[in-house]
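I have placed the structure first, in the form of structure tokens, so that the comments after it can refer back to it.
The values are calculated or read from the model by the stated rules, or taken from the named source; none is laboratory data. Just so it is clear, the model here is predicted, and its values are computed rather than measured. We place every Cβ from the backbone using ideal geometry, glycine too, and count neighbours over all the protein chains shown.
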Amino acid sequence: MRRGRVMAVALGMLVSACSSEPNLVHLRNPFFSPDKGVVVLFAGWTMPGGNVFGSGMDEVTQELRARGVRAFVYNPNRWQDVAAEIGAVPSAARGPIAIIGYSFGGDSATRLADALRQSRIPVQTLLVVEAWGAIPIACNVRGAIDIFNSNSLIALSSRIVPGPGFSGSFEQVNYGALTDNRDGLNHWTMATFGAVHRIVLDKILDGDALRRRPAPPGEAACIGEAAPSHPR
């Protein structure tokens, strides 16, 4: 009982020291619940120290908080700070974590997942929207989802690919195949569109809690290793 309480308190502090971003805090961030989990989001390219308001990822953060899920949104250049913060929590490996990134934040999301591999922490879901410059999917990721728009007039994103040892589920969602693009969606507007937000929430949540995925066959070997992280 005490161990469970300590885990809840520790995970409730996940990335809290990094949460001083000048982003919007419209809704109070819920206290950590081991049943609901924690979600880390990265906005697209932002000036160092800049505000992530209007990135679309802030809106998803508020939607998660409204459902009682603890969620943080960051400037993409903060991924190393977040990785260090999570890795410093001894019980973090037992708490459900999901990572979301848009555009350049997709690169940060994949790098954070790889850094958590070094700390032997599994990631329930890694989801990117119009990812730019992302590294291969780390083998500690249980489920990876790549959302993109093939109908965008200007194609700036690239597809994420499985990395060495990855054995989880992998899904590509081509939003361009789901719409005739009358809304004029492109790389810059994809992350701000409500229909895309609904897809994101559906992919990472099961009801009002983080979707828990079964450990894939290669996870034990993956998180049992401490191979060097992908170079920057």
Qualifying residue in the range 64-75 (condition: of a type in the set (D, E, K, R), closer than 25 Å to residue 194 by Cα and within 12 Å of the chain's Cα centre (by Cα)): no
Every pair of residues 6+ apart whose Cβ atoms lie under 7 Å, when the first sits in the range 105-127 and is of a type in the set (Lys, Arg) while the second is surrounded by 24 or more Cβ atoms within 10 Å (Cβ to Cβ) and not in a helix (DSSP H, G or I): 117/138; 117/139; 117/140
Any hit, the range 95-103, residues being at pLDDT below 95 and out of contact with any strand residue (DSSP E or B) (no Cβ under 8 Å at 6 or more places or on another chain): no
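For (1) surrounded by 23 or more Cβ atoms within 10 Å (Cβ to Cβ); (2) assigned to a loop (DSSP other than H, G, I, E, B); (3) among the polar types (S, T, N, Q), each residue gets a yes or a no:
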{"residue": "121", "(1), (2), (3)": "no, yes, no"}
{"residue": "147", "(1), (2), (3)": "yes, no, no"}
{"residue": "151", "(1), (2), (3)": "no, yes, yes"}
{"residue": "160", "(1), (2), (3)": "yes, yes, no"}
{"residue": "185", "(1), (2), (3)": "no, yes, no"}
Which numbered condition residue 32 fails, given (1) under 19 Å from residue 133 (Cα atoms); (2) under 17 Å from the mean Cα position of the chain (by Cα); (3) of a type outside the set (Gly, Ala, Ser); (4) modelled with pLDDT under 90: (1)
Qualifying positions in the range 103-157 - closer than 19 Å to residue 220 by Cα and of a type in the set (Lys, Arg): 117, 120, 142
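This table checks each residue for (1) at pLDDT 95 or above; (2) closer than 19 Å to residue 163 by Cα.
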residue: 39; (1), (2): yes, no
residue: 51; (1), (2): no, no
residue: 54; (1), (2): no, no
residue: 59; (1), (2): no, no
residue: 86; (1), (2): no, no
residue: 92; (1), (2): no, no
residue: 121; (1), (2): no, yes
residue: 126; (1), (2): yes, yes
Single condition residue 130 does not satisfy, out of (1) crowded, with 20+ Cβ neighbours inside 10 Å; (2) closer than 19 Å to residue 83 by Cα: (2)
